[in-house]
1. Can you list residue pairs whose Cβ atoms sit under 8 Å apart, with the first residue in region 191-209 being farther than 16 Å from residue 155 by Cα and the second being assigned to a helix (DSSP H, G or I)? Count only pairs 6 or more apart in sequence or on different chains.
2. Return the pairs, sorted by first residue and then second, in which the second residue is modelled with pLDDT under 80, the first residue lies in region 72-100 and is aromatic (Phe, Trp, Tyr), the beta carbons are less than 9 Å apart, and the residues are 6+ apart or on different chains.
3. Is one or more of the residues making up region 39-49 assigned to a loop (DSSP other than H, G, I, E, B), modelled with pLDDT under 80 and surrounded by 10 or more Cβ atoms within 10 Å (Cβ to Cβ)?
4. Can you tell me which residue is surrounded by the most Cβ atoms within 10 Å (Cβ to Cβ) among those in region 188-234 that are touching an Asp or Glu at 6+ places or on another chain (Cβ under 9 Å) and of a type in the set (Phe, Trp, Tyr)?
5. Before we move on, is residue 135 loosely packed, with under 10 Cβ neighbours inside 10 Å and either modelled with pLDDT under 70 or among the hydrophobic types (A, V, I, L, M, F, W, C) (or both)?
6. Having 1 or more residues that are of a type in the set (Lys, Arg) and at pLDDT 80 or above is the bar; report the strands (runs of 3 or more DSSP E) wholly within region 149-250 that clear it.
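The values are calculated or read from the model by the stated rules, or taken from the named source; none is laboratory data. On a predicted model such as this, the values are computed, not experimentally measured, just so you know. FYI the Cβ positions are ideal-geometry reconstructions off the backbone, even for glycines, and counts take in every protein chain you see.
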Amino acid sequence: MGIPIKLQVFEGPLDLLLHLIDKNKIDIYDIPIVEITNQYMEYIKAMEREDLNIMSEFLVMAATLLDIKCRMLLPREVNDEGEEEDPRQELIAQLLEYKMYKMMSYELKDRQIEGEYTFCKSPTIPEEVLGYVEPVDLDELLGDLTLARLNRVFQDVMRRQADKIDPVRSKFGKLEKEEVTLPDKLEYVAAYAREHKRFSFRQLLNRQSSRTQIVVTFLAILQLMKEGTIFIEQEQPFEDIMIGTGEPEE
């Protein structure tokens, strides 16, 4: 009865070749193909009872080694540049690439082990700090954005007016030019402001019946702001803009 021998498990034929190269302390750029092939074949014979799918990979490499061994016995082939080609060159390139990835896998494994000793501490932020809200200076925040905000509201109202137009029925009937003057609209807005004291800029524009009415109303608001008849304010960023008469509230 023979003595059972436990073979070292290799991940593939290239892994076995690297093992043989390291074991014999061979220069990977100058592989003694005959010696390595003989040792490789001995290991293949000891693997005869292994899984056939795994064995097929090792047998393909064995055939490659035998092919290189035969080519080493023949005169060297010369490439187009007049240089002799080494039959081992392709195999050496594969071994170097495999060795690089193998070293990288070791590095990743070491980092995984080091990461298992890393612990994260739960946040312990005081309630005073957690509940702190940075004060907002509305004057500094808004700055000169009032007119820009007015323009965005204006564009929004204009789009809503366009959506109300029936693309078919709007073309029926006789088209008449609408006469809207700025002085008339200035008087209208001023009277509306005196009556309501404080009202929404958007609400005022929505009361207009046409695009021309909206445009002239918008110009009238700007003119009355310039004259100081009305004022514009916004309590919070992105909220509706309010129009009022007199002095703005603190």
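1. 192/204; 193/224; 199/192; 199/193
2. Hits for this filter: 98/12.
3. Among the residues of region 39-49, at least one is assigned to a loop (DSSP other than H, G, I, E, B), modelled with pLDDT under 80 and surrounded by 10 or more Cβ atoms within 10 Å (Cβ to Cβ), which makes the answer yes.
4. 201
5. Numbers: loosely packed, with under 10 Cβ neighbours inside 10 Å: yes; either modelled with pLDDT under 70 or among the hydrophobic types (A, V, I, L, M, F, W, C) (or both): no.
It is false that residue 135 is loosely packed, with under 10 Cβ neighbours inside 10 Å and either modelled with pLDDT under 70 or among the hydrophobic types (A, V, I, L, M, F, W, C) (or both).
6. Numbers: elements: 198-200, 230-233, 242-245.
By residue number, 198-200.
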